[in-house]
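The values are calculated or read from the model by the stated rules, or taken from the named source; none is laboratory data. Bear in mind that the values here come from a model prediction, so they are computed numbers and not experimental data. Cβ placement follows ideal geometry from the backbone for every residue including glycine, while neighbour counts extend to all protein chains displayed.
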Amino acid sequence: MSRFPDDDAVNGAGYLQDPKEMSRRVRKLEIKSRRLVNELFSGEYHSSFKGRGIEFSHVREYQYGDDVRTIDWNTSAHKDDLYVKMFTEERERTMMLVLDGSGSMLFGSDLLKKDLAAEVSAILAFSAVQNNDKVGLLVFSDRVETYIPPRKGRAHALVILNEIFSVRQSGRKTDIDAALSFVRRTQKRKTIVFLLTDLLGSGYEQGMKLLNMRHEFVLIHLGDPLDLQLPRSALLDLVDPESGERITVDTRSRGLVARYAASRQHEREELRRELRRMKVDAVFLDTGQSIIGGLNAFFRQRERKI
């Protein structure tokens, strides 16, 4: 049913121990992510997160179809012909990947939530690299586990991916508000902030509101089919990965399985409504589905909004 890390390949916290295996996985993820960025996401990312402004570049002769508002009348008068001003986007942006490293991310029915987060992080990081933007990383649990300040370049993106696979968290619980507070303290300029989490926690609403006021904040919610639907089998032992609490449920009971599904679906719908109320952009991704459709839909929707 559920998939947990191979004990021979990872440490007790669920992260890769073998340097060769880690290097292989990072390289494989880089190749896959850069291909997706080149084919699908680079332009979408650029269009969805505009630069900080535009600056004057040069003038050229007017061409049919040019916006008359860009005509440079002073130059046109001196040269006795129409000239228009050309501008370039002041592109350089900063992206922060804020990654949930708590115990609940080490769960998945097909792919671990942590591995899904790594895939999405790689795509976002290389999208930033392709657009000459800076990218940084914050991994948190119930405390800040690791922080890599934003920098440019492919080599720095690989440092981030290596850190995602190798970091050993000291806490298993989740404190999203503490992570968002850390971002507010460290990022003084307007930043693109992606929070990647399964959102198992509470008390984060105010932190999201404050971050969203100053920065471009996006929640990437990482889910799993078992978050919404229990399998129909027999007695099922469930363990809370953050508290260690254990319970046994009888999934042969149609009523119990139906009530669980209804309750979790209601929670998901309530979350979506609350995010809309707070005007927080959100992407819902699932370990059982391709991430391409969800990310593409988000980028298109955000581009239309901008």
(request) At least 3 residues that are modelled with pLDDT of 80 or more and not hydroxyl-bearing (S, T, Y) in each: list the strands (runs of 3 or more DSSP E) lying fully within the range 1-100 that qualify. (result) 53-61, 94-100
(request) Would you mind finding the one in R189, R185, R172 that is in a loop (DSSP other than H, G, I, E, B), surrounded by fewer than 17 Cβ atoms within 10 Å (Cβ to Cβ) and more than 14 Å from the chain's Cα centre (by Cα)? (result) R189
(request) Give me the pairs, please: first residue somewhere in the range 150-168 and among the charged types (D, E, K, R), second residue anywhere and assigned to a helix (DSSP H, G or I), beta-carbon distance under 8 Å, and either six or more positions apart or on two chains. (result) K152/V129; R154/F126; R154/V129
(request) Select from the range 103-138 the residues that are at pLDDT 90 or above and of a type in the set (S, T, Y) and write down the one among them that is surrounded by the most Cβ atoms within 10 Å (Cβ to Cβ). (result) S127
(request) Spot the failing condition for D227; the list is (1) of a type outside the set (V, I, T); (2) under 13 Å from M96 (Cα atoms); (3) over 18 Å from the mean Cα position of the chain (by Cα); (4) part of a helix (DSSP H, G or I), and only one is missed. (result) (2)
(message) Report every pair of residues separated by at least 6 positions or lying on different chains whose Cβ atoms are under 7 Å apart, first residue within the range 280-292 and assigned by TED's automatic domain parsing to the domain that holds L222 and under 15 Å from R302 (Cα atoms), second surrounded by fewer than 18 Cβ atoms within 10 Å (Cβ to Cβ) and not hydrophobic (A, V, I, L, M, F, W, C).
(response) V283/G294; F284/G294
(request) Sort out which residues of the range 234-264 are part of a helix (DSSP H, G or I), more than 27 Å from the chain's Cα centre (by Cα) and among the aliphatic types (A, V, I, L, M), and write them in order of number. (result) L256, V257, A258, A262
